[in-house]
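The values are calculated or read from the model by the stated rules, or taken from the named source; none is laboratory data. The shown structure was predicted, so the numbers you read here are calculated from the model rather than taken from an experiment. Virtual Cβ from ideal backbone geometry, glycine too; neighbours counted across all protein chains shown. Calculation scope for accessible area: heavy atoms of the full protein, side chains included, ligands and nucleic acids excluded. Shrake-Rupley method; radii C 1.70, N 1.55, O 1.52, S 1.80 Å.
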Amino acid sequence: MTDEIVLRGHPGIGPRVEGEALVSEHGFSARYDVNRKTGIFSRESHDLYGQSVVGKVLVHPTAKGGVATAWALLDMRAQGTAPLAILFSLANPIMAQGAALADLALMDRLEPDPLAVVESGDWLIVDPPAGEVRVRKRSR
């Protein structure tokens, strides 16, 4: 039997996607935390240092960075190094703009907060148009 938790909120940005969660207690900047050519967290002080974002659903408390984040996400998408989706406790307009530009799924202000229930390795079905994320807990 699969444990499933449903997170709900306002409609998000981008397409419906499914993928493995990669959870962080740190904020996220596509410009300064990740090597855009490899999709690997390159900031040594980040709790996901050395891990790949490629094909993952990132879960972070906040978005970091300025306007460079928008073009960084677009660049990652073009190079095939982008995450599938990003979930935030609270996003910012620049990250939303970047996700829309790169056609990436992005959602925030979900209930319950993804950081309270999602763990790295869980399988997520992110459905921005429906304002819903389904969490399938991995076997521990």
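Of the listed values (1) 63, 30, 23; (2) 40, 30, 22; (3) 35, 30, 26, identify the label whose number matches Cα extents along the principal axes in Å calculated from this model. After the calculation, the listed value that fits is (2). For the stretch 6-112, carbon and sulfur atoms together expose 53% of the accessible surface, with a 1.4 angstrom probe and every protein chain in place.
Over the stretch 50-137, what is the mean sequence separation of C-alpha contacts under 8 Å (at least six apart), divided by residue count, expressed as relative contact order in percent? Value for the stretch 50-137: 27 percent. Taken per residue, the accessible surface of the chain reaches 47 Å², heavy atoms only and a 1.4 Å probe.
Highest mean packing first, where packing is the average number of other Cβ atoms within 10 Å per residue, the peptides 115-123, 67-75 line up as 67-75, 115-123.
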